[in-house]
Amino acid sequence: MKKSSRSFDFLLLIPFFNNREGLVQSLRTVDYDPGKCAVPIIDDGSSEPLNADALLREANTALNIEIIRLSVNQGIANALNEGLDFLAKRDDYNYIARLDCGDICSKHRFVEQVKYLDAHPGIDLLGSWCTFEDPGTGSSYLYKTPVQPDGITRGMEIIAGLCFRRRILSVSVLYAKLKIKISPMNRLFTTGIPGKYSVIKKPREEKV
């Protein structure tokens with residue numbers, strides 16, 4: 001494991017493939033102290049490799065952007081597995097959050113998720129509500145799922161709205177090693193987290 005004296009509140013894992021406009025749009029909505037978070041972007045073999053300095057200029061942000069470049073396109077599930085393997089070798093953060101290219105974060109999403117997990121050590125994975133919007137018609141709807149563990153059932157979580165503790169990463173990495181063709185975080189949630197891990201949903205709206 002990579003040892004570091006620096007500590008981030010969270011790392012924001014973003015998979016990317018040939019959607020630069022969507023990535024820049026999403027980065028512009030990440031509102032958090034740039035000294036307390038970092039953004040590992042998994043470039044899944046895009047036709048034009050990403051450049052961190054160019055992204056910082058385009059998104060007008062001071063975020064700590066880290067690019068992990070895959071030589072060939074492997075699909076989002078495998079790209080996320082590669083990202084989790086990368087994060088498993090680090091110990092310089094507390095939580096992992098997720099975001100997809102083109103998604104728009106509510107202003108206080110990460111502040112509230114970090115604050116909640118800090119205050120509730122018995123909760124390991126935290127989700128959020130999400131607004132789906134059709135850019136063509138302008139129509140939208142708020143996808144609201146239960147906010148307590150006993151009301152959450154298989155497959156109802158919005159994966160890109162998750163924030164979870166680093167200590168459960170070993171479960172996700174296990175799925176990566178088994179080559180399961182599904183996002184490991186989706187698998188982690190929908191099959192249930194073994195042992196002591198607990199899940200809760202906080203009603204915070206995100207836009208997709």
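The values are calculated or read from the model by the stated rules, or taken from the named source; none is laboratory data. Just so you know, these numbers come straight off a predicted model, no measurement behind them. As a convention, Cβ positions derive from the backbone with ideal geometry for all residues, glycine included, and neighbour counts pool all protein chains shown.
Structure values in brief
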{"quantity": "Of all residues making up segment 64-80, the number that are part of a loop (DSSP other than H, G, I, E, B) and either within 15 Å of the chain's Cα centre (by Cα) or exposed (fewer than 15 other Cβ atoms within 10 Å of the Cβ) (or both)", "calculated": "3"}
{"quantity": "Within segment 87-105, tally of residues that are within 14 Å of the chain's Cα centre (by Cα) and either in a helix (DSSP H, G or I) or among the small types (Gly, Ala, Ser) (or both)", "calculated": "3"}
{"quantity": "Single unsatisfied condition, residue 110 versus (1) assigned to a strand (DSSP E or B); (2) closer than 12 Å to residue 12 by Cβ; (3) not hydroxyl-bearing (Ser, Thr, Tyr)", "calculated": "(1)"}
{"quantity": "Pairs where the first residue, in segment 68-91, is basic (Lys, Arg) and the second is at pLDDT 90 or above and buried (at least 16 other Cβ atoms within 10 Å of the Cβ), C-beta under 6 Å, 6+ apart", "calculated": "69/43"}
